[in-house]
Each structure stands twice: as C-alpha cells, then as structure tokens.
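Below you'll find the structure, written out as structure tokens, and then a few comments.
What follows is calculated from the coordinates using simple rules that are stated; it is not laboratory data. Computed from a predicted structure; not experimentally measured. Note that each Cβ is placed from the backbone with ideal geometry, even for glycine, and that neighbours are counted across all protein chains shown.
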Amino acid sequence: MVTYFFVLFATLAIASAIAMILNKNTVNSALFLVVNLISLSGIYLLLQAQFLAVIQILVYAGAIMVLFLFVIMLLNLDNEENILNKFRVRYGVAFIVGIVILAQLLYSVGTWANVLPTVSPKMVQTGTVEAVGDVLFSHYLLPFEVTAILLTAAVVGALLIAQRKIQTKK
Amino acid sequence: MQLSWYLALSAVLFSIGVLGVLIRRNAIVIFMSVELMLNAVNLTLVAFSSHFGDINGTILVFFSLCVAASEAAVGLAIIIAIFRNNLTVDVSKINLLRW
C-alpha cells in the first residue's frame, strides 16, 4: 500500500519537475512546481510527518507559489522562443554536470543502503503537531524567535528593494 | 519501505533542479529550480528524521521552510528591481557585473 502510493507520488513529483524546467511558459512551470510540491507533501504523509505535510501545502504550495505567480503575472513576460536551441556546448556541459551529480548521489545512497534502518519503533510518534510543538517551544525556543526576526527583516528588505525609487535623505 | 528509495527520489529531484539552474535563462525559472533543490534536501531530512525516530530533522525542515519563504520574498523583490532597470529577466542579458 505504502509502496503504491510512493510510486504514484514519486512519479508525479519527477514528471512535474521535468515538465517545470522544460516548459516555455513561466506560468505553466510555476503550476507544475505546485503539483511537485503537493506530491512531495504526499510523500511527507507516507513518512508520518503530518505537520510538515500540511505546512508544505500551506507555506510552499500556498504562500510562496502565490508570490511567484503574482510576480510572473506582474512582469507580464512573453513565452521564451528557444529554451534549448542556442549554446549547444553549454547544454552539453549542463547535462554532464547534472548526470555526474545524480550518479554521485545515487552511488552514495546505493553503497550505504544496507546499513540504513527500515522503520524506527519511535517513527509513529514523530511528526505530529504535538511532538513538533513540544520540542519547538522548549529546546528550540531561541531559534524559533530568531526566525521571527528573520521574517521581519525579509519583509522590510523586500519592500525596500522593490520600491520604485529609494529615497535618500540629505 | 526502504529509506534508500526516499533518498533516491530526493537525489533525482535535486539533479533536476541543478539541470534547471544550468540550462534555463529565465531568472524566475532558475529561482523555482532552486526551490526544487531546497525541497529535495527537505525530503532527505524528513526521511532520515522519521526513519531514525528523531524529531530534530523535522524541526530543521521547519526552519528551512522559514528561510525559503524569506528567500523567496527577497529574491522576487530583486527580480522585480532587475526587471525595472533592464526590462528583461533573461540572465544572459543581465551582465552589468561581468568583466
């Protein structure tokens, strides 16, 4: 049962990722990224991380992708005519680099596959809102508060950068 | 379900993200590929976290989500600023700092 769902979500994730980088229309690639993020949140559910699955949909597929779509539609870009035609040497190098990285990662996963654990007995307890909240608000309280400063700084920085004309005081 | 399957999926997604950064010229698509790579690493963290029964990986993904959100806001603001100056988001045409 878990295997079937894993194969379904993994196929969906990989297919939408490939469709995302090969699509000429930027809006379509953003929507493919949404599909990819939702299938990843399904995989989080298979891994018993329910809280993260919900947060993934809310923050990534919701907030961040709305921001992306908003900017794409604000800039009103045309479709790219040729994403793969020019600079053949560069694409050759890019594919070689990608394949080398993939081979390295898969090789390291494959060599260590027999020492990896299958299922931890404590697995069911991790990932619920209660378990995450317990640790987050006790042991990780300071990093959690620092996150608030980070988000505030990001909001202020984004407003300042996207301003039409930066006011300078004399 | 073996842990290595999740790690392999994460590796494939990360490589697709690397390819996207390398072959595309649209800054927004490059940015989305970076998000894809972030997500692949998050998947690795969640997989290890739930297989070892250790909550710390999940917490790290939570912070990584916060950083990704602020990174998206600032990055898209930079893209808007670049578009306002150059009227393009094609990274091969943005060469102000190239020597």
Those trypsin sites (Lys or Arg not before Pro) from the stretch A:7-91 that are DSSP loop and have at most 16 other Cβ neighbours within 10 Å turn out to be A:Lys24, A:Lys86
So the FRET efficiency between A:Asn28 and A:Ala63, C-beta based with R0 = 25 Å and rounded to 0.05, is 0.80
Whole-percent tail of the Cα-Cα distance distribution for the protein assembly as shown, cut at 25 Å, equals 49
Env charge @ B:Ser33, Cβ radius under 14 Å, K,R +1 / D,E -1, value 0
